[in-house]
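Here the structure comes first, spelled out in structure tokens, and everything after it is commentary.
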């Protein structure tokens, strides 16, 4: 059975470790004795001596013929570890110098700006990685299809428990065509997300204004099979600028937990959500699916809300609700 290597991580080769361990077992030995113990030749051992001595694994015994003795393992390992730590320190210093040289270039190379991620699972992992690592702010344009399963309660609870960076999200009206999306958004708002409704031309997530991810192919009918990751560049600045422009034009969306009702206040929670979805341009059938109501019930509520607001149309009702700050 092959001997297990123990010193590989400390820069010791197979032949060097074999000779050292043979010397530990045999005790002080001549070149010929050590060669016989390792199945090598005396000439090969002699060529290896300078390296073994440099590593601190062996030393020579005074006198003739030449005899070798192994350094006690606790001493030898400490020497090797100290050597490796010194190498790591030098490597880190070298990395800092190289980074300085890169910074002196006139801007990043194209291959350093864009990263292509392929595969549905890989895209989901990359998005979650950005979300987990964000410390300052997440900016999200929400539009189907989704890279992660928004109906996965276990994953949603785990993400909420991580207490990530503050989030601002703009939701497309089409976002709420997805079953369970309103409940997912309600939880996100309860956890502190600032949510708005508005036009979303492309799915997008930006972490700390330093890294963005968006679909490589824009197709509402397909799952996200590939994505583009954008690192600091003029392109990233443009994506952040796009979000801020859309944010200013979007309608605030304030959703309260389903079990909280305020009967003394108008509009009440259900009416607020109907108004918010109206403001997003959603149709009655889509609103009914999200709120778990029948289309007929939604139509009656929309009619009452229009009358109460003095709105000419359902879209006008959503506009007036936003204008009068009723979407809270």
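Spin-label model, residue 294/residue 121: points 7 Å from Cα along the beta carbon direction are separated by 4.5 nm.
Estimated at 0.36 nm per residue, the fully extended path between residue 283 and residue 14 surpasses their Cα-Cα distance by 89.7 nm. Put in order of Cβ neighbour count within 10 Å, fewest first, the listed residues 300, 186 become 300, 186.
With the highest mean first, a sort of the peptides 196-209, 128-141 on other beta-carbon atoms found within 10 angstrom per residue produces 196-209, 128-141. Using all pairs of distinct alpha-carbon atoms, the Kirkwood hydrodynamic radius of the stretch 1-106 works out to 15.6 angstrom. Fewest-first ordering of 178, 90, 184 by other beta carbons within 10 Å of each residue's beta carbon gives 90, 178, 184.
Rounded to the nearest 0.05, the FRET efficiency derived from the C-beta distance between residue 61 and residue 89 at R0 = 25 Å is 0.15. Principal axis analysis of the Cα atoms in the stretch 1-44 yields extents of 28, 21, 20 Å, listed in decreasing size.
A full extension of the chain between residue 242 and residue 226 corresponds to an added length of 3.6 nm, given 0.36 nm per residue minus the alpha carbon distance.
Bear in mind that the values in this text are calculations on the coordinates, not laboratory data. Note that this is a predicted model, so its numbers are computed, not measured. All Cβ positions, glycine included, derive from the backbone under ideal geometry; neighbour counts span all protein chains shown.
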